[in-house]
Amino acid sequence: RLVQEGRITAEEAEELLKKLEESQNRGKRLLLLKVIENGNNIVNISIPLSLAKWGLKFANTYAEKYGEKIDFSPEELEELISNPDFKGKIVDINVPEENTQVIVEIA
């Protein structure tokens, strides 16, 4: 309809459709964030993979609190996001003295 009304060109419409399709395909994948304390899930969040960079930043902040750093770059994360076949854990932090575990995974 936008093309018919002359608001956008056919090429622009095609590009918009491609981006919409890409975002819908990515939206089906989730980033799961779990914090387990004393065997109980105290945090269990599922967010669209498009927010994965935020999840990595959150996990790094939490890990640094305990003197650890996640050896995982935004470029590596972008590579995993781009691979539609990848599913699995990207972060698994255990803090035995506090009986706490942080898990970040792509599902």
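Of all the residues that make up the stretch 1-30, how many are touching a helix residue (DSSP H, G or I) at 6+ places or on another chain (Cβ under 8 Å) and modelled with pLDDT under 75?
Within the stretch 1-30, residues that are touching a helix residue (DSSP H, G or I) at 6+ places or on another chain (Cβ under 8 Å) and modelled with pLDDT under 75 number 4.
Restricting the stretch 61-90 to residues that are β-branched (Val, Ile, Thr) and modelled with pLDDT under 80, the residue that is surrounded by the most Cβ atoms within 10 Å (Cβ to Cβ) is Ile70.
Looking only at residues of the stretch 91-107 that are in contact (Cβ under 8 Å) with a residue 60 or more places away in the chain and crowded, with 18+ Cβ neighbours inside 10 Å, we find that the one that is farthest from Ile42 (Cα to Cα) is Ile106.
The values are calculated or read from the model by the stated rules, or taken from the named source; none is laboratory data. Bear in mind the structure is a predicted one, so any value in this text is a computation, not a measurement. As a convention, Cβ positions derive from the backbone with ideal geometry for all residues, glycine included, and neighbour counts pool all protein chains shown.
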